[in-house]
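Notes to accompany the following structure.
What follows is calculated from the coordinates using simple rules that are stated; it is not laboratory data. Just so it is clear, the structure is predicted and the values come from calculations on it, not from any experiment. Note that we place each Cβ from the backbone using ideal geometry, even for glycine, and neighbour counts take in every protein chain shown.
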Amino acid sequence: MNSFPESLKEARLRAGLSQPELAEKVGVDKSYISKLERGVESPPSRKVTLRLMDVLGISALEERNKFLISAGVFNKEDYEGYTLVKVVQPAQTAVLQATQAALPSPRRRGLRFGAGFPVADEHIARSAEQYKVKLRDLLREVEEISRRIEEIGNTLKQLLQAGEELE
């Protein structure tokens, strides 16, 4: 795992910012960024670390957590959010894929809309009704997934509380 000075410098270079530009955007002294990158200064507070991540465009969850950990400001809320996202993202992907499969584009079905390509109103009405049924089914699935995610979140909270009690 990279140290905070290395992580900061890599992220700054990837963002294409100079040290003074980064300092100005974050609202810190110009020399502060240089000191952080050289390891002369201790890693910043959580507030400054979060501003750095925003300015540097560190948005991917894994990368954000590594940056927070290297700065020594990763906390319980970050862990809970990370764990919950690891559960929620696959569910969201599944719902998106199911929605796309249930609602094929007219082009894939060989239908064309617009001037010169009329489609019978009856066919449109029938297709719309079929899609409504599919969407209702998908909504039921989303509700079930949401309920399961909530249960998992509650279980995680209980496990974290039990772990804290053991310490």
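Values as computed for the structure displayed
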| item | result |
| --- | --- |
| Whole-number D in µm² s⁻¹ for the range 4-71, Kirkwood Cα-pair radius fed into Stokes-Einstein, 4 °C, 1.567 mPa s | 112 µm²/s |
| The range 4-71, dipole about Cα centre (Lys/Arg Cβ +1, Asp/Glu Cβ -1), debye to the nearest 20 | 100 debye |
